[in-house]
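The values are calculated or read from the model by the stated rules, or taken from the named source; none is laboratory data. Predicted, not measured: the structure shown is a model, and the values here were computed from it. Methodologically, a virtual Cβ is constructed for each residue, glycine included, from the backbone with ideal geometry; neighbour enumeration extends over all protein chains shown.
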Amino acid sequence: MGIGGIGIWQLLIILLIVVMLFGTKKLRNIGSDLGRNLKGFKSAMKDNESNQDSSNEASESSEESTESSEESSEESSEETSEETAGKKEKEESNTD
């Protein structure tokens with residue numbers, strides 16, 4: 001038994017009928033068209049993967065810059081709160 005319960009002789013008979021119906025030239029064209037489409041599909045998938053990789057790298061670098069800007073904003077807010085506390089102390093000492 002062959003593929004899916006079909007023997008080798010049945011497959012050869014089916015192939016012979018297909019060749020007689022479509023002709024070798026038509027089958028060759030179909031095969032080459034199918035090969036070109038498959039090659040194009042594979043190259044599109046590779047392009048898509050490389051675009052996703054580059055977008056992932058870009059998002060990682062933007063996340064790093066966001067983290068560094070958050071750190072700098074935290075530092076500046078700490079400095080601002082310290083300056084505000086210092087000003088309040090000066091004002092309180094001036095009013096006394």
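Restrict the check to the stretch 23-36 and report whether at least one residue is out of contact with any strand residue (DSSP E or B) (no Cβ under 9 Å at 6 or more places or on another chain), acidic (Asp, Glu) and at pLDDT 90 or above.
yes
On the given criteria, is Glu92 at negative phi, surrounded by 10 or more Cβ atoms within 10 Å (Cβ to Cβ), part of a helix (DSSP H, G or I) and at pLDDT below 90?
No: the conditions fail for Glu92.
Return the pairs, sorted by first residue and then second, in which the second residue is assigned to a helix (DSSP H, G or I) and among the hydrophobic types (A, V, I, L, M, F, W, C), the first residue lies in the stretch 28-56 and is under 27 Å from Leu15 (Cβ atoms), the beta carbons are less than 9 Å apart, and the residues are 6+ apart or on different chains.
As it stands, the answer is Ile30/Phe22, since those pairs meet every condition given.
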